[in-house]
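S.K.: Pasting a structure below so you can have a look.
The values are calculated or read from the model by the stated rules, or taken from the named source; none is laboratory data. Not measured: the values here are computed from a predicted model. Cβ placement follows ideal geometry from the backbone for every residue including glycine, while neighbour counts extend to all protein chains displayed. Please note that ligands, DNA and RNA were not included when accessible areas were found on the heavy atoms of the full protein model with its side chains. Shrake-Rupley method; radii C 1.70, N 1.55, O 1.52, S 1.80 Å.
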Amino acid sequence: MYKTILRRFLVLIPQLFLISVVMFVLAVNMPGDALSGMLDPNLPLATIEQMREDMGLNLPWYQRYINWVGGMLVGDFGRSTAHMQPVLDVIGERIWNTFSLGVYSLFLTYLIAIPLGVLAGKHSGTALDKAIITYAFVALAMPTLVLGIVMIFLFSPIGLGWFPLGGSVSAVVLSTGTPFEIFLNQLHHRTLPAISLSLVSTITIIFMLRANVIDRKASDYVTLARSKGVPSRTIFGKHILRNSLVPVASHIGLAIAFTFGGAVFIEMIFSYPGMGTLFLDSINRRDFPVANVIVMFFAFLTALGVLLSDIILTIVDPRIRIR
Amino acid sequence: MEQNTISLENKGLEMALSTKPPSLFVLFWRELKHDAFAFISLFVLIFVIVAVYAGAFFLTSTRDVMSNNLINQNQSPQDSGSLLGTDSNGRYVAPLLFVAARNSLNISFAVTGISFIIGLVVGVTSGFYGGKIDNTIMRIVDTWTMIPALMFIIAMISIADQRTVGLFILFLTMFTWMARTRLVRAAALQNCNMDYINASKTLGTRNSVIIFREMLPNLVDIVVANFVLSLAASIGMETGLSLLGFGLGMEVPSLGTMLQAALQPVNLQFRWWTWAPALILVVIIMLCINFVGNALQRVADPKQRYQ
C-alpha cells in the first residue's frame, strides 16, 4: 500500500509541473508588470529599464521559469514585488487565517450534514425527510458568494448584528484579551464566512448519507439481522449507520479540496485577510511571485485531497485496493 | 404443457417488443404528476425564461436601458416612480434586470452546451475505445481538473485586452468540460460492457453505427438530466465571477454585475432595490432548475423513476 501511495504521489509531480508552466506563461503574458503604476512617471526610461533588468523581468520567459522553479526546489520562493518581502513571509501571514477558516467550515459542514443525512435516510418518505431535502435544494440554489451576501445582509451589523463583518480578529481583543478571549473572538469573526461556505458542501454529504442509509435498510444482511431478532436500535447503530458512513469518510479529502477552494472566494466577500484576498490583490498589483505560489499551493492541495480520499477509502473499505 | 409455457414466454416477449418504450417526455410528465415541487418549478422556469427573453426583446433598445443618468442615481422605487428604482449609475433597475438575466441565461446555455458537446465527443471516444486511448484521455482530464479553475479564470480575464462575452464563455467552458466528459465516459463505458453492444460488435456492426444508432440513444436520458443541472452550475459560476469583478465588462450587464451593488455596505443596508431583485432572480432560477433537473435525473434512472 505504501508503494501505491508513493506511486500516486510521483504521478503528481508531472501534473503539477504542467500546471506551473501554464500559470507562469499566463503571468508573463499579463499586460503590465510589477513596475507599472508603481513608479514616479518622471523617472527617465533608462532607469526603469535598468530596474527591469535588475529584477530579471527582461529575460525570456523560459529563463525566468527555470529560475523560479529552481528557486522553489531549494526552498527559495522568490520575493513579492508589491510587499518587498519574501513570498513565504507574505503568504505565511495569511495562511493561518485561510487554514482556520477552512477547518472551522469543515467542522460545521459535518456537524450539520451527518445528523440531517442520517435522519433523512432513517425516516425516508416522511415529512421530516421531505423537509431536509427541501433544505438541501434551497442551499443548492445559492451560489456560495450569493449566500455570503445574504448572510451579511441578515446577520452582520447591517442586519441583526449577531456577527462582526470584515477582518479575522478584533484589534482591541487581540491587544488586551486573554488567549481564550482571542480564540472566541476569532471564532466569532469566522462564523459567517464559515457557514456560507459549509452550507453548499453539506448538500453532497446529506444526499450521499441519505441514499446510503436507504440502500442499507433494504439490504439482505439487515433483513437477516431483523429475522434473527436483533433489536432495531442495534441494527441501525451497528449495521446500517457504520456502513453508511464509509463513503462519507472517504469523501473528506474532496471536501477539504472543495472547502479550501471555496474559502478563497468567500474571503473576498467578507474582506477577510486570507489567501484569497491576497491572490486578488497580487493579480491586481501584478505581484506574480505571490500569485503563482498561491495557485500552485491550491493545485497541490486539491491533488492531496483527492489522494487522501483514495487512501481513506482503501483503509475503511477492505473491498477496494488502490491499483 | 412445456410447449404451452414456451409459447406464453414467446407471447410475452412479442408483446414487450411490439410496445414501444415510453418516450423521455412521457416519463418526465409521469414523474411531474407525482412531484409538486418539480411541477411548479417547471412552470415557473418556463415563465421566467419566456418573460426574460420576451422582455429583453421588446425593450425599446439596449442602449436606453444601459445609458447612465447621473441625475437619477440611487432613487428608491417611490422617488423614481418606476417599479424597482434606479441603481448607482441612474439606470432603471427593472428593465436592466431583463437584459441582465437574458445575458446570464445566454452565457450559461452556451457554456453548458459547448462543454456537453466536448464531453460527448471526448467521453464517448474514451468510453467506447477504452484501453490506451481511455487512459491517456482520463489522465489529461485528471490533470486538468487539478487546476484551481476560478483562479485561472481570474488570471486569464486579467490578461484579456477586451472582456467580450465570447471570451468569457470560452474561459468558463475550459474548466467545465472535464466533469461532463467524466459523466459521459462513465455512462458509455457502462453501456459498452452490456450485452447489446457486445452482440452488435460480434455481428460485425460498424463502430459508427454502434456509437450513433445504438449507444447514443441510451445516453440521452442522462445527458438531458445533467444538462439541466449544469445550467444552474454555470449560472452560479457566471454570477460569482462577475460579482467579484472578473466576469463581464460594465457594458454587458448580467445578474452577477448587478449583484456587485451588494458589495457596498451602503447599498446593502439602505438600497435593497439595487441588488435584491437580481439576487432573488438568481435564486429562483437556480431553485427551479435544480428541482426540474432532479426530476429528470430520476427519470433517467429506471430504478428511481415513478412506475
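S.K.: Take A:Met275 and decide whether it is more than 20 Å from B:Met146 (Cα to Cα), open to solvent by less than 40 Å² (accessible area, probe 1.4 Å), among the aliphatic types (A, V, I, L, M) and in contact with a helix residue (DSSP H, G or I) (Cβ under 7 Å, 6 or more places away or on another chain).
M.R.: Answer is no for this residue.
S.K.: Within the range A:90-117, can you find the residues that are open to solvent by 20 Å² or more (accessible area, probe 1.4 Å) and aliphatic (A, V, I, L, M)?
M.R.: Result: A:Ile95, A:Val103, A:Leu106, A:Leu108, A:Leu111, A:Ile112, A:Ile114, A:Leu116.
S.K.: Quick check, is B:Leu263 under 28 Å from A:Gly159 (Cβ atoms), within 9 Å of chain A (Cβ to nearest Cβ) and open to solvent by 30 Å² or more (accessible area, probe 1.4 Å)?
M.R.: Answer is yes for this residue.
S.K.: Something else about it: Got at least one residue in the range B:214-234 being open to solvent by less than 40 Å² (accessible area, probe 1.4 Å) and without any contact (Cβ under 8 Å) to a residue 60 or more places away in the chain?
M.R.: no
S.K.: Sticking with this one: Looking at this structure, is B:Gln269 of a type in the set (S, T, N, Q), over 17 Å from B:Val93 (Cα atoms) and surrounded by fewer than 24 Cβ atoms within 10 Å (Cβ to Cβ)?
M.R.: When the stated conditions are applied, B:Gln269 passes them.
S.K.: In addition: Looking at A:Phe288, A:Phe270, A:Phe265, which one is more than 22 Å from A:Val22 (Cα to Cα), within 14 Å of another protein chain (Cβ to nearest Cβ) and at pLDDT below 85?
M.R.: A:Phe270
S.K.: Hey, could you check the range B:212-247 for residues that are closer than 18 Å to A:Ile269 by Cα and among the polar types (S, T, N, Q) and say which is nearest to the other protein chains (Cβ to nearest Cβ)?
M.R.: B:Thr239
S.K.: Taking the residues in the range B:272-294 that are under 15 Å from the mean Cα position of the chain (by Cα) and open to solvent by 30 Å² or more (accessible area, probe 1.4 Å) as candidates, determine which candidate is nearest to the other protein chains (Cβ to nearest Cβ).
M.R.: Result: B:Leu287.
S.K.: Run down A:Thr191, A:Thr176, A:Thr202, A:Thr234 and say which single residue is among the hydroxyl-bearing types (Ser, Thr, Tyr), away from chain B (no Cβ under 14 Å) and open to solvent by 70 Å² or more (accessible area, probe 1.4 Å).
M.R.: One residue alone meets the criteria, A:Thr176.
S.K.: A further question on this structure: In the range A:310-319, is there at least one residue being assigned to a helix (DSSP H, G or I) and either at positive phi or free of Cβ contacts under 8 Å to residues at least 24 places away in the same chain (or both)?
M.R.: Yes, the range A:310-319 contains a residue that is assigned to a helix (DSSP H, G or I) and either at positive phi or free of Cβ contacts under 8 Å to residues at least 24 places away in the same chain (or both).
S.K.: Out of the residues in the range A:282-294 meeting the condition of being assigned to a helix (DSSP H, G or I) and farther than 12 Å from A:Ile91 by Cβ, tell me which one is most open to solvent (accessible area, probe 1.4 Å).
M.R.: Among residues in the range A:282-294 that are assigned to a helix (DSSP H, G or I) and farther than 12 Å from A:Ile91 by Cβ, the one most open to solvent (accessible area, probe 1.4 Å) is A:Asn284.
S.K.: List, please: which pairs have Cβ atoms under 6 Å, are six or more places apart or on different chains, and start with a residue in the range A:133-155 that is facing another protein chain (nearest Cβ under 7 Å) and end with one that is assigned to a loop (DSSP other than H, G, I, E, B)?
M.R.: Hits for this filter: A:Phe153/A:Gly159.
S.K.: Kindly indicate which of B:Phe175, B:Phe168 is open to solvent by less than 50 Å² (accessible area, probe 1.4 Å), more than 14 Å from chain A (Cβ to nearest Cβ) and more than 23 Å from B:Phe128 (Cα to Cα).
M.R.: Selected residue: B:Phe168, the only one of B:Phe175, B:Phe168 that is open to solvent by less than 50 Å² (accessible area, probe 1.4 Å), more than 14 Å from chain A (Cβ to nearest Cβ) and more than 23 Å from B:Phe128 (Cα to Cα).
S.K.: Okay, next question. Tell me which helices (runs of 4 or more DSSP H) are completely within the range B:125-243 and hold 1 or more residues being over 23 Å from the mean Cα position of the chain (by Cα) and hydrophobic (A, V, I, L, M, F, W, C), or say none if there are none.
M.R.: It comes to B:131-146, B:149-159, B:177-192, B:195-202.
S.K.: Something else about it: When you scan the range B:116-125, do you find a residue that is within 14 Å of chain A (Cβ to nearest Cβ) and either surrounded by fewer than 22 Cβ atoms within 10 Å (Cβ to Cβ) or modelled with pLDDT of 90 or more (or both), even just one?
M.R.: No: the range B:116-125 contains no residue that is within 14 Å of chain A (Cβ to nearest Cβ) and either surrounded by fewer than 22 Cβ atoms within 10 Å (Cβ to Cβ) or modelled with pLDDT of 90 or more (or both).
S.K.: Which residues, taken from the range B:129-153, are away from every other protein chain (no Cβ under 11 Å) and open to solvent by less than 20 Å² (accessible area, probe 1.4 Å)?
M.R.: Result: B:Gly130, B:Asp134, B:Val141.
S.K.: Are there helices (runs of 4 or more DSSP H) fully within the range A:1-89 with at least 1 residues that are among the β-branched types (Val, Ile, Thr), modelled with pLDDT under 75 and open to solvent by less than 70 Å² (accessible area, probe 1.4 Å)? List them.
M.R.: Because the criterion is at least 1 residues that are among the β-branched types (Val, Ile, Thr), modelled with pLDDT under 75 and open to solvent by less than 70 Å² (accessible area, probe 1.4 Å), the helices (runs of 4 or more DSSP H) in the range A:1-89 that meet it are A:2-29, A:45-55.
S.K.: Let me ask something additional. What's the number of the condition A:Arg242 fails, among (1) in contact with a Gly (Cβ under 9 Å, 6 or more places away or on another chain); (2) away from chain B (no Cβ under 14 Å); (3) of a type in the set (Lys, Arg)?
M.R.: Going through the list (1) in contact with a Gly (Cβ under 9 Å, 6 or more places away or on another chain); (2) away from chain B (no Cβ under 14 Å); (3) of a type in the set (Lys, Arg), A:Arg242 breaks only (1).
S.K.: Limited to the range B:19-59, what total is found for residues that are surrounded by 12 or more Cβ atoms within 10 Å (Cβ to Cβ) and hydroxyl-bearing (Ser, Thr, Tyr)?
M.R.: 2
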